[in-house]
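These notes are about the structure you will find just below.
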Amino acid sequence: MTNFILKPIVLCCNNSLNRWANKLLQQCCQSIVSTCKDHNIDSIILTGSFSRGEASIFWENNTPVLAGDIEFLLVSKKTGTLVKDRAFYEKFKTILGEQVSKSMGSEVEVDIGLVDAGYFSKKLSPSIFGYDLVNYGKTLYGVDYLDNTIIRKKDIPQEDALALLMNRTIELLILSENKSRESYHYQLVKILLDMAGSILAFTGNYAAPYKDRPKALRKLLRDRSSDMQGLSIPDLPDLVEQAAQLKLKSEPNEAIQKAIILNDIKIQNYLAQLIYWQMKQIIGSSGDMGFVINKYFSQESLLTVFKGWIKYFIHPFRSSDGINFFLLPKTLIRVSPRNLIYSSAMKYFLGTVFGHHIKKTAGDDLHAFNRGYDPKRSIIEVSELWGQVIKHN
């Protein structure tokens with residue numbers, strides 16, 4: 001392997017913190033490289049906000065604090081499902097996080113994705129992740145697979161923009177049990193930035209850098225107001241601008257933090273509006289929430305549903321907790337695990353925010369949020385299944 005980057009690169013917006021971030025990056029890479037020797041890794045790619053130079057790092061009591069995680073994508077020389085390899089790296093990323101946290105004197109979370117050698121030529125489809133990866137990812141070690149791969153803004157499917165919002169919603173539900181936690185505030189900031197990213201991607205105007213999203217959103221809402229019928233999000237650009245300031249500054253701004261926390265209910269309302277509006281745009285019709293949710297999540301092909309269940313059953317850390325297996329034979333032919341989770345969570349979230357009882361949906365086959373279960377336990381079930389089926393796949 002060659003092309004290991006040793007010189008400093010821009011990882012965040014503060015010079016002194018950037019030096020700390022580069023030290024962290026080098027330690028992570030060295031550990032991955034030494035571990036990868038026996039695992040046929042062909043390339044290490046830096047992804048996420050670190051790769052865009054927008055890592056959320058700030059000073060707290062003269063100590064650098066990383067909000068979020070540092071993300072890597074590893075490319076294996078192997079082909080196939082890589083089930084055993086993914087199981088290994090799922091454990092390794094936790095160990096690596098503990099190692100660098102100790103050596104850097106600050107808590108660090110590491111996320112590692114793994115793909116096979118044919119991923120870029122055969123499997124990488126247009127998406128927000130794909131666009132960010134191809135246009136902002138940085139090859140740190142090995143073969144540069146990004147060099148000849150092209151994904152454009154207009155190629156991003158509307159369904160992917162909606163999926164971003166649904167993922168953020170599930171993360172919010174997981175954290176909503178304890179609103180005093182710093183992580184809940186951080187999640188609200190992420191949601192605001194990704195609401196802007198989602199609606200921009202949905203309309204073919206995606207802006208990857210956080211700093212560009214407030215201006216791009218203002219322009220979109222001004223120029224295409226007639227296309228946004230049914231949305232009432234007048235001050236969303238202002239909230240997004242506040243979120244971008246918090247995400248990119250090296251010193252916490254307590255006044256902006258407080259303002260975002262106080263707008264918690266409004267932010268959830270805007271999020272629910274955007275999800276409902278995007279679903280209606282995609283299915284091409286209106287109706288009550290139950291109808292819209294059912295219509296949207298019933299559009300999968302039988303092949304997509306089948307592949308989704310196969311992927312679920314071969315997952316190395318699969319848990320059946322939360323799935324109503326009594327109804328599974330019927331479920332197997334009409335909805336994938338991915339949409340089962342989304343449907344259940346969106347039914348719960350939209351119904352709660354808008355104060356409506358939503359009739360039966362495909363998500364009722366998931367125990368979570370149904371059958372009188374304890375809400376806290378239901379959130380745990382969705383969290384576990386979402387992590388297995390969506391977040392880490």
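Okay, residues lined up against (1) in contact with a Cys (Cβ under 9 Å, 6 or more places away or on another chain); (2) farther than 28 Å from F202 by Cα; (3) modelled with pLDDT under 90; (4) open to solvent by 30 Å² or more (accessible area, probe 1.4 Å):
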| site | (1), (2), (3), (4) |
| --- | --- |
| Q242 | no, no, no, yes |
| S286 | no, no, yes, yes |
| N294 | no, no, yes, yes |
| L327 | no, yes, yes, yes |
| R334 | no, no, yes, yes |
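So for the range 122-143 (the condition being surrounded by fewer than 16 Cβ atoms within 10 Å (Cβ to Cβ), more than 21 Å from the chain's Cα centre (by Cα) and touching a residue at least 24 places away in the same chain (Cβ under 8 Å)), does at least one residue qualify? Scanning the range 122-143 turns up no residue that is surrounded by fewer than 16 Cβ atoms within 10 Å (Cβ to Cβ), more than 21 Å from the chain's Cα centre (by Cα) and touching a residue at least 24 places away in the same chain (Cβ under 8 Å). In this structure, K91 does not qualify as closer than 24 Å to Y312 by Cβ, touching a helix residue (DSSP H, G or I) at 6+ places or on another chain (Cβ under 8 Å) and without any contact (Cβ under 8 Å) to a residue 60 or more places away in the chain.
Return yes or no: is L217 part of a helix (DSSP H, G or I), aliphatic (A, V, I, L, M), touching a Leu at 6+ places or on another chain (Cβ under 7 Å) and under 20 Å from V353 (Cα atoms)? Working first, answer last.
Numbers: part of a helix (DSSP H, G or I): yes; aliphatic (A, V, I, L, M): yes; touching a Leu at 6+ places or on another chain (Cβ under 7 Å): yes; under 20 Å from V353 (Cα atoms): no.
The answer is no for L217.
Taking the conditions (1) of a type in the set (D, E, K, R); (2) more than 21 Å from the chain's Cα centre (by Cα); (3) open to solvent by less than 70 Å² (accessible area, probe 1.4 Å) in turn, K247 satisfies each one other than (2).
Scanning the range 254-272 for residues that are open to solvent by 40 Å² or more (accessible area, probe 1.4 Å) and acidic (D, E) yields one hit, E254. Here Q278, Q273 are screened, and the one residue that is part of a helix (DSSP H, G or I) and either at pLDDT below 95 or among the charged types (D, E, K, R) (or both) is Q273. For the range 177-219, the candidate set comprises residues that are among the small types (G, A, S), over 16 Å from F129 (Cβ atoms) and within 17 Å of the chain's Cα centre (by Cα); within that set, the residue that is modelled with the highest pLDDT is A196. For K78, the requirement of being basic (K, R) and either open to solvent by 30 Å² or more (accessible area, probe 1.4 Å) or on the phi > 0 side of the Ramachandran plot (or both) is met. Applying the set (1) modelled with pLDDT of 95 or more; (2) open to solvent by 20 Å² or more (accessible area, probe 1.4 Å); (3) under 22 Å from A208 (Cα atoms) to G68 leaves exactly one unmet item: (1).
Exactly one residue out of K84, K78 is over 17 Å from L25 (Cα atoms) and assigned to a loop (DSSP other than H, G, I, E, B): that is K78.
The condition of being surrounded by 15 or more Cβ atoms within 10 Å (Cβ to Cβ), over 25 Å from K123 (Cα atoms) and of a type in the set (G, A, S) holds for only one of S31, S43, S51, that being S31.
The values are calculated or read from the model by the stated rules, or taken from the named source; none is laboratory data. Source: prediction; values computed, not measured. So basically every Cβ, Gly included, is an ideal-geometry build from the backbone, and we count neighbours across all protein chains shown. In case anyone asks, the SASA skips ligands and DNA or RNA and just uses the protein heavy atoms, side chains included. Shrake-Rupley method; radii C 1.70, N 1.55, O 1.52, S 1.80 Å.
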